[in-house]
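Chemist: Here you go, one structure.
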Amino acid sequence: MKVSVVIPAFNEEKLLGACIDSVRAAFAAQSGDAGYEIVVCDNNSTDGTAALAAAKGVTAVFEPLNRIAGARNRGAAAASGDWLIFIDADSRLSAATLSETLRLMKTGSFCAGGALVAFDPPPPAWGAALTWLWNSISRVFRLAAGSYVFCRRDAFEAVGGFSPLLYAAEEIELSGALKRWGAAKGLGFKIITKARHVSSARKFRMYGAGEFFLELFNFLRGPFSAIKDPARLKIFYGGKR
């Protein structure tokens with residue numbers, strides 16, 4: 001079994017190195033025989049992201065349009081693994097999360113899944129409340145967070161990957177598509193609950209509660225148009241790093 005870890009990266013030279021190092025450390029801690037590769041997709045960065053990826057010795061590809069769904073798809077197209085794991089460049093893969101993911105992959109009972117999320121450093125109280133809300137939704141409805149999605153390669157290709165029309169919520173759309181594909185073949189979709197995937201809490205510091213809730217209001221007011229318009233997704237595409 002070979003696993004491809006796909007990391008989309010836009011202006012992530014500050015955090016990408018630690019992310020790559022965490023992937024290598026997590027695989028080094030495993031006792032199984034799973035091979036792996038790391039694929040970084042430089043999503044039209046203007047900083048040293050591409051140079052850092054090259055210096056780290058990983059497979060690096062380029063996607064000119066700033067849309068994370070497209071960057072993930074471009075990375076997946078360059079990957080050679082039987083399984084794909086998508087993680088964000090500002091996150092860190094733990095040995096525990098990877099171990100549980102590999103266990104699920106090897107059972108032959110699942111086609112895809114995700115993990116509950118945590119943030120480091122811990123977010124402010126309002127951010128912790130939003131995190132709890134998302135994790136509750138993820139657990140109940142079996143929806144993967146964009147910062148951690150794993151799936152069989154054939155399943156990903158069969159459903160067409162992440163929707164190229166979406167600038168946000170592409171992981172929710174993909175979760176639904178993978179669940180339907182798996183259900184037709186007697187395969188499950190699993191959210192890992194005991195080993196959370198850790199991401200950076202920087203956006204909670206950069207934007208604040210007011211901006212978060214304003215964006216949430218704008219999204220709920222017209223979600224189908226909002227996720228197709230980066231101008232309405234300031235927190236995702238506002239350029240702060």
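Chemist: Among the residues of region 11-51, write down those that are part of a helix (DSSP H, G or I), of a type in the set (Val, Ile, Thr) and farther than 13 Å from ILE87 by Cβ.
Modeler: THR49
Chemist: Right, something else. Would you check if SER136 is among the polar types (S, T, N, Q), out of contact with any helix residue (DSSP H, G or I) (no Cβ under 8 Å at 6 or more places or on another chain) and at pLDDT 95 or above?
Modeler: yes
Chemist: Could you say which residue among ARG74, ARG142, ARG92 is in contact with a strand residue (DSSP E or B) (Cβ under 6 Å, 6 or more places away or on another chain), of a type in the set (D, E, K, R) and farther than 21 Å from ILE192 by Cα?
Modeler: The conditions single out ARG74.
Chemist: Please find, among ALA145, ALA112, ALA155, the residue that is within 26 Å of ASP82 (Cα to Cα) and in a loop (DSSP other than H, G, I, E, B).
Modeler: Step by step, each of ALA145, ALA112, ALA155 is checked, and only ALA145 is within 26 Å of ASP82 (Cα to Cα) and in a loop (DSSP other than H, G, I, E, B).
Chemist: Read through the list (1) within 22 Å of ARG142 (Cβ to Cβ); (2) free of Cβ contacts under 8 Å to residues at least 24 places away in the same chain, then give the number of the only condition that SER94 fails.
Modeler: Only one criterion is unmet by SER94, namely (2).
Chemist: Right, something else. In region 54-96, how many residues are within 23 Å of LYS203 (Cα to Cα) and more than 17 Å from the chain's Cα centre (by Cα)?
Modeler: Matching residues across region 54-96 total 1.
Chemist: Here's a follow-up. Condition (residue is on the phi > 0 side of the Ramachandran plot, buried (at least 19 other Cβ atoms within 10 Å of the Cβ) and either of a type outside the set (A, V, I, L, M) or out of contact with any Lys or Arg (no Cβ under 7 Å at 6 or more places or on another chain) (or both)) applied to region 139-160: is it met by at least one residue?
Modeler: The answer is no, given that none of the residues of region 139-160 is on the phi > 0 side of the Ramachandran plot, buried (at least 19 other Cβ atoms within 10 Å of the Cβ) and either of a type outside the set (A, V, I, L, M) or out of contact with any Lys or Arg (no Cβ under 7 Å at 6 or more places or on another chain) (or both).
Chemist: Additional query: Just wondering, is there one or more residues in region 102-116 that are farther than 21 Å from ALA155 by Cβ, surrounded by 15 or more Cβ atoms within 10 Å (Cβ to Cβ), touching a helix residue (DSSP H, G or I) at 6+ places or on another chain (Cβ under 7 Å) and of a type in the set (Phe, Trp, Tyr)?
Modeler: The answer is no; no qualifying residue exists.
Chemist: Take LEU166 and tell me if it is assigned to a helix (DSSP H, G or I) and not polar (S, T, N, Q).
Modeler: no
Chemist: Can you find, within region 186-217, the residue that is modelled with the lowest pLDDT among those that are part of a helix (DSSP H, G or I) and crowded, with 16+ Cβ neighbours inside 10 Å?
Modeler: The selected residue is GLU215.
Chemist: Next question. Just a yes or no: is a residue in region 53-73 more than 19 Å from GLU170 (Cβ to Cβ), in contact (Cβ under 8 Å) with a residue 24 or more places away in the chain, not in a helix (DSSP H, G or I) and not aliphatic (A, V, I, L, M)?
Modeler: Yes, some residue in region 53-73 is more than 19 Å from GLU170 (Cβ to Cβ), in contact (Cβ under 8 Å) with a residue 24 or more places away in the chain, not in a helix (DSSP H, G or I) and not aliphatic (A, V, I, L, M).
The values are calculated or read from the model by the stated rules, or taken from the named source; none is laboratory data. Here the structure is a predicted model, which means the values were calculated and not measured. Ideal geometry is used to build each Cβ from the backbone, glycine not excepted, and the neighbour counts take in all protein chains shown.
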